[in-house]
Structures are given as C-alpha cells and as structure tokens.
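The values are calculated or read from the model by the stated rules, or taken from the named source; none is laboratory data. Predicted model, so just to flag it, every value in this text is computed and none were measured. All Cβ positions, even for glycine, are placed from backbone atoms using ideal geometry, and neighbour counts span all protein chains on display. With ligands, DNA and RNA removed, areas are computed over all heavy atoms of the protein, side chains included. Shrake-Rupley method; radii C 1.70, N 1.55, O 1.52, S 1.80 Å.
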Amino acid sequence: LTSKPIIYAANMDEESFTSPIENNKYFKIVQDIAQAEGAAVLPICAQMEAQLVEMDDEDKKLFLEDMGLEESSLNRLIKKCYALLGLISYLTAGKSEVRAWTITKGTKAPQAAGKIHSDMERGFIRAQVVSYDDLIECGSLNAAKEKGLVRSEGKDYVMKDGDVVLFRFNV
C-alpha cells in the first residue's frame, strides 16, 4: 500500500477555499509535506460539498458559478485519482443501459473488450468508436455515423478516455 500514489485532500473552510488558496498557511504546510513525499494535494471544502449534495442539478451549476468553480471537489478528486493511478473510462451504450468501464491508460481495444467479458477479447473483430463529446453534439449514434465521426478500429487501437464503443466479436 505504501508504494501506491497518495493524494492529500486538504479540507478548508469556505472563505479560505474561495480566496487564493496559497494564502492559507495550513494548506501550504500540507502542500510542503506532499511535495516532500512526491504526493499530490487537492484543496476541498467539505462544507460546500455537503450543500451541493442537497441541490438539484440547476442549483448546483449556479452555486458553483457563484463560487467561481467549474466543478465540485468530489469530481476533481475523482479525476485526480484516475490521473494519478493512470486510469481512463470508456462507455458502452445500448437501448437498455449506458455503462462506463475503467481501464488502464494505454489499453488496446481487445483488452478493453475483455473487461466486459473474456469471450469478447478472445473473439474480437473490431470496435466502432465515437468520442463522447461528438456523440453528445450529434445527438445520436446514427447522426454521428452520417457525419463520419464513428470510426472502425482494429486490434491495435489504443482506447481513449471518453470513447463510446460498440465491440464486434465472434466466438
């Protein structure tokens, strides 16, 4: 466990969190400790996070904008953990569900398919891939296909964070 990357989550009061963080002497102490250990540090405000949990999506967005933040501390912590551990996510989408799968950065398409089921890796033929942002912008997979944004990728394709994939396989 000690060889795993470490993130210090530095909990701050709302005033310290929304003002220049570097002015907080306690944050600076945690930052110095983290730097000496080769660890990461992420400032958070648990009090604000508790308030965000009770809000609907629209209110959350307005609250974060008022605080000058793009996203919640929880989202930032998750992203920092993924980056520190070298992980990415790809998505599969069907009529009944959309699911995210976590893989190591640099994973090739057949091994990513194997995360779903070993038969999919063994019988991998190809992957039909579109980026999440392109899919959302187009509104549907068919619209993305019409615009030429859906690609057919082979066994050497290295998965990217946010890929939406349909695996073709035969066992």
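List of remarks:
- Number of the exception - LEU77 against (1) of a type in the set (A, V, I, L, M, F, W, C); (2) free of Cβ contacts under 8 Å to residues at least 40 places away in the same chain; (3) open to solvent by less than 60 Å² (accessible area, probe 1.4 Å): (2)
- Verdict on ALA100 being small (Gly, Ala, Ser) and assigned to a helix (DSSP H, G or I): no
- Any pair with Cβ under 8 angstrom, 6 or more apart, that starts in the range 112-128 at a residue that is within 10 Å of VAL171 (Cβ to Cβ) and ends at one that is modelled with pLDDT of 95 or more and acidic (Asp, Glu): none
- Extreme residue, most open to solvent (accessible area, probe 1.4 Å), among residues of the range 124-166 that are closer than 19 Å to LYS105 by Cβ and of a type in the set (A, V, I, L, M, F, W, C): VAL158
- Candidate set: the range 34-60, residues that are in contact with a strand residue (DSSP E or B) (Cβ under 7 Å, 6 or more places away or on another chain) and part of a helix (DSSP H, G or I); chosen: the one least open to solvent (accessible area, probe 1.4 Å): ALA34
- The one condition from (1) touching a residue at least 12 places away in the same chain (Cβ under 8 Å); (2) out of contact with any strand residue (DSSP E or B) (no Cβ under 6 Å at 6 or more places or on another chain) that SER19 does not meet is (1).
- For ALA40: the one exception among (1) in contact with a Phe, Trp or Tyr (Cβ under 8 Å, 6 or more places away or on another chain); (2) under 30 Å from ARG151 (Cα atoms): (2)
- If only residues of the range 90-114 that are surrounded by fewer than 15 Cβ atoms within 10 Å (Cβ to Cβ) and touching a Ser or Thr at 6+ places or on another chain (Cβ under 9 Å) are counted, the one that is farthest from VAL158 (Cα to Cα) is VAL98.
- Inter-residue pairs, beta-carbon under 7 Å, first closer than 15 Å to LEU141 by Cβ and in the range 152-171, second among the basic types (Lys, Arg) and open to solvent by 20 Å² or more (accessible area, probe 1.4 Å), 6+ apart: SER152/ARG126; ARG168/ARG126
- In the set (1) over 15 Å from the mean Cα position of the chain (by Cα); (2) free of Cβ contacts under 8 Å to residues at least 40 places away in the same chain, GLU71 fails one condition alone, (1).
- Every listed requirement among (1) in a loop (DSSP other than H, G, I, E, B); (2) loosely packed, with under 12 Cβ neighbours inside 10 Å is met by GLU65 save one, (1).
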